[in-house]
Amino acid sequence: MTRLATRHPVDVRPITDAELPDWTRAVNRGFLRPPTVPDRMLADRRTAFSDSRFSGAFDAGRCVATFRSFDQELTAVGGAAVPADAISNVTVAPTHRRRGLLTRLMADDLTAAKERGDVVATLIAAEYRIYGRYGFGPATTMTEWSIDVPRAGLDPQWSGPRDGGRVDFADAEEIRRIGPELHERLRRAQPGVIDRDEHWWAARTGLLWLHGSAWVEPFFVVYRSADGVVEGMASYQADEEWSDAKQPLNTATVNWLSAVTPAAGRALWHYLCSIDWITRVKTDRRSPDDLLPHYLPDPRAASITTQADWLWVRILDVVRALEARTYDASGSLVLEVVDRAGLAGGRFLLDATPDGASCTPTARGADLTLDVAELATLWLGDESAGRLAALGRLREERAGAAREADALLRTSGRPWCPDMF
């Protein structure tokens, strides 16, 4: 008789420094990357070890699930930065599915984040159906375009901005020096943007390992206004492709582009479309209402190649989340927030005006009943309460309450998170 294999108890806990190689190998396997761990990858992981929270699940000493979180700041509507628990490197080995490992890792992390005083948790969801059950909702959308340069209608002899500004090349050292201040200006003005620490700038300028790939130095360009103020910058790469008739078919791929004024955005996109031999420009992850297509004489030259959910948010403190953002209208709503994890549920009265808002627990009857994940989807202003009600994801307890919620919560510009983490 064959005896059935006995399952060993799986140990879920923070990892030690000595376990980092095995943990990193498990991450690589989970994301279908080569499981080998080069020395530089491990060294760069260790630079983040003291600033992040690394956890794993271990079966007979082998890492079979991974989880990492770290401190982050997320810009709310109106420009306030709220403390966030950023979650990344989530994997469960195919051999250990359906054992509740992610649930245990997530519960431990979110409980600790709540106790630390984080207002929200954030992540980029590789798969749509996983994270709703943990209270996360998609809060921003990203769009990628491909620009057919010959069709765009721009002057092929473009020689610089006509507003008195200028576009110049920069090296990695200059980008590390001037980039952080520009990003701070961007995130104070754009809901959904997250902070970029020294590790982010180091990884994008060749000092640290990035996503397991060998470093290839990109081109960096900076836009300065007529009075010399840095208002935008971009990183891009280009391939070499020619037709059989010796005609250039080269593509410029934008790694990232940041602009704090429309003039900077226009100048940088026009520059990218003016580079000799470039016939196509592939954008980075942009906001779905980005002005990019309308910077071109023929907006149809920019065709959407990807449009999908991007930043997911999990509300941990309803009061602080709703009080942190601004509101363009005045009104009151009673929200019944359902949270199966018991972290942020309850009934709350939101009193909002353009001058400020208060949110307090209340015993008054609810106007809307919604899951904490749906509240996260509404919080940054990108989704409509009326749409969620039509989909059965939100319940009106008082007729017209969803319309009133839209008047309070929706924003004129859409939130945008440009970064992967």
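The values are calculated or read from the model by the stated rules, or taken from the named source; none is laboratory data. Note that the structure is predicted; figures quoted are calculated from it, not measured. All Cβ positions, glycine included, derive from the backbone under ideal geometry; neighbour counts span all protein chains shown. All accessible areas refer to the heavy atoms of the entire protein, side chains included, with ligands and DNA or RNA removed. Shrake-Rupley method; radii C 1.70, N 1.55, O 1.52, S 1.80 Å.
Springs join every pair of Cα atoms under 10 Å in this Gaussian network model of the chain, and among Ala65, Ala252, Ala126 the largest mean-square fluctuation is at Ala126. With a simple spin-label model that places each label point 7 Å from the Cα along the Cα-to-Cβ direction, the separation between Ala18 and Ser358 comes to 5.6 nm.
Rounded to the nearest Hz, the phi-derived 3J(HN,Hα) couplings of the stretch 347-353 under the Karplus curve 6.51 cos²θ - 1.76 cosθ + 1.60 (θ = phi - 60°) are 10, 10, 9, 9, 10, 10, 9, where x marks glycine and proline. DSSP beta bridges fully contained in the stretch 233-285 are about 65 percent antiparallel.
Rg and Dmax of the stretch 259-313, both derived from C-alpha coordinates alone, stand at 12.3, 42 Å.
Among the trypsin sites (Lys or Arg not before Pro) in the stretch 28-123, those located in a DSSP loop and surrounded by at most 14 other Cβ atoms within 10 Å of their own Cβ are Arg97, Arg98. If R0 is taken as 22 Å, the Cβ-Cβ distance between Ala214 and Arg177 corresponds to a FRET efficiency of 0.35.
For the stretch 262-418, DSSP calls about 80 percent of its internal beta bridges antiparallel. Sketch the reach of a paramagnetic label on Thr103 as a point 7 Å from Cα along Cα-to-Cβ, and name the residues of the stretch 50-64 whose backbone nitrogen lies under 19 Å away. Only 56-59, 64 pass the distance filter. Since only Ser55, Leu208, Tyr236 are under comparison, the one whose Cα sits farthest along the positive direction of the charge dipole of the chain, derived from C-beta charges on Lys, Arg, Asp and Glu, is Ser55.
Exposed loop sites here mean GluC sites (Glu not before Pro) with a DSSP loop assignment and at most 13 other beta-carbon atoms within 10 Å; the chain contains its longest site-free run at 242-396. Among (1) 38, 32, 19; (2) 30, 25, 23; (3) 30, 29, 20, find the value of semi-axes √(5λ) of the Cα gyration tensor in Å that was calculated from the structure presented, and write down its label. Among (1) 38, 32, 19; (2) 30, 25, 23; (3) 30, 29, 20, the one derived from this structure is (1).
Taking θ as phi - 60° and the Karplus parameters 6.51, -1.76 and 1.60, the scalar couplings of the stretch 84-90 work out to 10, 9, 8, 10, 8, 6, 8 Hz in sequence order, x denoting glycine and proline.
Whose amide H sits under 5 Å from the amide H of Gln72, counting only residues 5 or more places off or on another chain, with H placed in the peptide plane? The answer is Ala84, Ala86.
Just name one of Cys417, Ser384, Ala399: the one whose Cα is farthest towards the positive end of the charge dipole of the stretch 377-421 (beta-carbon charges, Lys/Arg +1, Asp/Glu -1). Farthest towards the positive pole: Ala399.
Plainly put, the stretch 50-192 has a radius of gyration that is 1.11 times its Kirkwood radius, both from alpha-carbon atoms, as the Rg/Rh ratio. Its residues counted as N, the stretch 299-351 yields a C-alpha radius of gyration over 2.2 N^0.38 Å of 1.71. With helices as the sole contributors, the chain gives -7500 deg cm²/dmol at 222 nm; each DSSP H run of n ≥ 4 counts as -39500 (n - 2.57), and the sum is divided by every residue. Here's the picture: a label point sits 7 Å out from the Cα of Leu391 along the beta-carbon direction, and within the stretch 285-304 nothing has its amide nitrogen under 15 Å of it. Applying 1/(1 + (r/R0)^6) with R0 = 30 Å to the Cβ-Cβ distance of Asn255 and Asp197, what FRET efficiency is obtained, to the nearest 0.05? The formula returns an efficiency of 0.95 here. Distance between the 7 Å Cα→Cβ label points at Arg116 and Ile304: 3.5 nm. Subtracting the Cα-Cα distance of Gln157 and Asp39 from their residue separation scaled by 0.36 nm leaves 37.8 nm. What part of the accessible area of the stretch 104-174, given as a whole %, is carbon or sulfur when the probe is 1.4 angstrom? That share works out to 46 percent.
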